[in-house]
1. Restricting to region 28-53, name every residue that is within 20 Å of GLU113 (Cβ to Cβ) and not in a helix (DSSP H, G or I).
2. Only one of LYS106, LYS115 is modelled with pLDDT of 85 or more, of a type in the set (Lys, Arg) and under 19 Å from ALA59 (Cβ atoms); which?
3. Does MET75 satisfy being of a type outside the set (Val, Ile, Thr) and open to solvent by 30 Å² or more (accessible area, probe 1.4 Å)?
4. With assigned to a helix (DSSP H, G or I), crowded, with 20+ Cβ neighbours inside 10 Å and touching a residue at least 40 places away in the same chain (Cβ under 8 Å) as the only criterion, which of LEU25, LEU56 stands out?
5. Run LEU46 past the list (1) open to solvent by 10 Å² or more (accessible area, probe 1.4 Å); (2) touching a helix residue (DSSP H, G or I) at 6+ places or on another chain (Cβ under 9 Å); (3) at pLDDT 90 or above and report the number of the one that doesn't hold.
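The values are calculated or read from the model by the stated rules, or taken from the named source; none is laboratory data. Bear in mind that the values here come from a model prediction, so they are computed numbers and not experimental data. Every residue, glycine as well, gets a Cβ built from its backbone with ideal geometry; the counts of neighbours run over all protein chains shown. The accessibility values were calculated without ligands, DNA or RNA, using every heavy atom of the protein model including side chains. Shrake-Rupley method; radii C 1.70, N 1.55, O 1.52, S 1.80 Å.
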Amino acid sequence: MPQSIRFITKEGEIASNVMDGEVILINLGNGTYYTMGGVGDRVWALIQKRATFDELCQALTTEYEVPIELVKFEMTKLTEKLLSEGLIGINRDTAEAVTVERPAEKLKYISPELKKFDDMAEMFALDPPLPVLPKNDKK
């Protein structure tokens, strides 16, 4: 994965929300939904900030106790899957660099895993969800 690739969310096509540390994504076009646990909530937040692949990996190694080699390997697999499922896009325009403050103590790294569910696709096709899911700010 080229390090300068800048990821973007697909506003209006994908609804997203983070609940209890898990990302929920719904493809509004076909009703397929996804969950992403582990550090997936942090990955999604960085993608929403239009982070490059390199910025994404650097942020995770700054915030979590994990070697850069593992992060690059897992983020390559994850971002390729997010791209192939049409959940994110690539923007080659320049944008401000995403900066991350070093935490006082690194957090435990739990590999993100994207899970796909299509059991509700027919229901979403009949009654599509709202484009923006309500925020759940409970932590």
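1. Residues satisfying the conditions are THR32, TYR33, TYR34, THR35, MET36, GLY37, GLY38, VAL39, ALA51.
2. Sole residue among the options that is modelled with pLDDT of 85 or more, of a type in the set (Lys, Arg) and under 19 Å from ALA59 (Cβ atoms): LYS106.
3. No, not satisfied.
4. Criteria check complete, one pass: LEU56.
5. The one condition LEU46 does not meet is (1).
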